[in-house]
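All remarks here apply to the structure that follows.
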Amino acid sequence: MQLEGNVAVITGAGSGIGKEIALAFAREGARVAACDIDVDGAQAVVDDMTALGAEAMAVTMDVTDESAVNAGVDAVADHFGRIDTMVSNAGIQIVHPIEDFPYADFRKLVAIHLDGSFLLTKACVKHMYPQKSGALIYMGSVHSHEASALKSAYVAAKHGILGLSRVMAKEGARHGVRANTICPGFVRTPLVEKQIPEQARDLGICEQEVVDRVMLGETVDQEFTTMADVAAVAVFLAGFPSNALTGQSIVPSHGWHMA
């Protein structure tokens with residue numbers, strides 16, 4: 001198993017992509033802390049991982065609360081003895097044309113994605129640096145590279161995450177810590193399903209056009225990226241055997257963005 005004994009902290013692990021990553025890590029032998037503001041969701045994922053024979057724990061975590069992030073990460077390190085992998089995955093989506101975008105919603109989205117990534121990184125490297133090893137994995141998006149209408153907050157946050165990851169590749173290098181960003185195309189999660197009618201409304205087109213033209217129009221095969229695709233990349237990055245692969249953006253997007 002690729003991640004035998006690896007201790008992973010995964011945020012947003014109670015559902016969607018985070019859940020799929022947590023289960024993939026568990027199947028590969030990792031010990032996993034499923035972190036989520038929804039503790040019931042996190043515990044359900046822990047139960048699934050335990051059924052696979054993995055060691056796992058649920059952590060209630062609001063990634064925008066520094067004290068909660070610090071306490072959660074420290075609890076994981078106390079329980080498992082170390083932290084080897086961080087997967088900063090927690091996120092939301094809010095779409096509006098900028099002239100109608102409430103500032104409070106802009107700040108909320110950026111705080112969860114970007115501030116949350118910063119706070120989680122700061123808490124995890126405190127444990128990784130002394131052991132001279134670690135993998136920081138950030139959940140970016142094709143929108144870390146490409147812009148789309150209605151997504152000023154999301155695109156800004158995802159560009160910021162890519163920059164943070166690249167800084168951490170440089171800062172973490174002397175401590176044996178690598179940093180990389182996964183930048184998926186559209187994955188048909190509940191978060192994306194919610195966007196389809198919203199974008200149809202704001203763009204004045206039908207929902208099928210949103211799927212065919214807005215979401216999949218730039219892919220090579222009109223296919224959604226799957227949660228399993230993203231989880232496989234996360235396993236690969238967590239288990240990569242050297243620091244040769246750091247500061248990189250990996251884009252599972254069916255060719256939407258070719259990095």
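The values are calculated or read from the model by the stated rules, or taken from the named source; none is laboratory data. Predicted model only: the values in this text are computed from it and were never measured. Counting neighbours? That spans all protein chains shown, and the Cβs are built from the backbone with ideal geometry, glycine included.
Quick check: is even one residue across the range 106-114 loosely packed, with under 14 Cβ neighbours inside 10 Å, of a type outside the set (Asp, Glu) and over 13 Å from Thr11 (Cβ atoms)?
Initial filter on the range 106-114 (loosely packed, with under 14 Cβ neighbours inside 10 Å): 107.
Right, trim to of a type outside the set (Asp, Glu) and you get 107.
Keeping just the survivors that are over 13 Å from Thr11 (Cβ atoms) gives 107.
Within the range 106-114, one or more residues are loosely packed, with under 14 Cβ neighbours inside 10 Å, of a type outside the set (Asp, Glu) and over 13 Å from Thr11 (Cβ atoms).
Checking Asp202 against (1) in a loop (DSSP other than H, G, I, E, B); (2) modelled with pLDDT under 95: exactly one of these is not met. Which one?
The single condition Asp202 does not satisfy is (1).
Go through the range 22-60 residue by residue and tally those that are of a type in the set (A, V, I, L, M, F, W, C), surrounded by fewer than 22 Cβ atoms within 10 Å (Cβ to Cβ) and outside any strand (DSSP E or B). Working first, answer last.
Looking only at the range 22-60, we keep the residues that are of a type in the set (A, V, I, L, M, F, W, C), and these are 22-26, 30, 32-35, 37, 39, 42, 44-46, 49, 51-52, 54, 56-59.
Right, trim to surrounded by fewer than 22 Cβ atoms within 10 Å (Cβ to Cβ) and you get 37, 39, 44, 51-52, 54, 57.
Now narrow it down to the ones that are outside any strand (DSSP E or B): 37, 39, 44, 51-52, 54.
Of the residues in the range 22-60, 6 are of a type in the set (A, V, I, L, M, F, W, C), surrounded by fewer than 22 Cβ atoms within 10 Å (Cβ to Cβ) and outside any strand (DSSP E or B).
Mind checking which pairs have a first residue in the range 85-108 that is closer than 25 Å to Ala22 by Cα and not assigned by TED's automatic domain parsing to the domain that holds Glu198 and a second that is of a type in the set (Phe, Trp, Tyr) and in a helix (DSSP H, G or I), Cβ under 7 Å, 6 or more apart or different chains?
Gln93/Tyr154
Look through Ala238, Ala228, Ala200 and report the one residue that is touching an Asp or Glu at 6+ places or on another chain (Cβ under 6 Å) and of a type in the set (Gly, Ala, Ser).
On the way: Ala238 fails: touching an Asp or Glu at 6+ places or on another chain (Cβ under 6 Å); Ala228 fails: touching an Asp or Glu at 6+ places or on another chain (Cβ under 6 Å).
The match here is Ala200.
Taking Glu171, is it assigned to a helix (DSSP H, G or I), surrounded by fewer than 16 Cβ atoms within 10 Å (Cβ to Cβ), under 19 Å from the mean Cα position of the chain (by Cα) and acidic (Asp, Glu)? Walk me through it before giving the result.
Details: assigned to a helix (DSSP H, G or I): yes; surrounded by fewer than 16 Cβ atoms within 10 Å (Cβ to Cβ): yes; under 19 Å from the mean Cα position of the chain (by Cα): no; acidic (Asp, Glu): yes.
So Glu171 does not fit the description; no.
Working only within the range 174-201, note down all residues that are surrounded by 22 or more Cβ atoms within 10 Å (Cβ to Cβ) and of a type in the set (Ser, Thr, Tyr).
Thr181
In the range 217-259, how many residues are hydrophobic (A, V, I, L, M, F, W, C), part of a loop (DSSP other than H, G, I, E, B) and surrounded by fewer than 18 Cβ atoms within 10 Å (Cβ to Cβ)?
Total satisfying the criteria: 6.
Taking the condition of being out of contact with any Gly (no Cβ under 7 Å at 6 or more places or on another chain) and part of a loop (DSSP other than H, G, I, E, B), how many residues in the range 177-195 meet it?
4
Output the residues belonging to the range 61-82 that are over 13 Å from Leu120 (Cα atoms), charged (D, E, K, R) and assigned to a loop (DSSP other than H, G, I, E, B).
Arg82
On the given criteria, is Leu3 of a type outside the set (Asp, Glu) and assigned to a loop (DSSP other than H, G, I, E, B)? Even if it seems obvious, please write down each step before you answer.
On the way: of a type outside the set (Asp, Glu): yes; assigned to a loop (DSSP other than H, G, I, E, B): yes.
It is true that Leu3 is of a type outside the set (Asp, Glu) and assigned to a loop (DSSP other than H, G, I, E, B).
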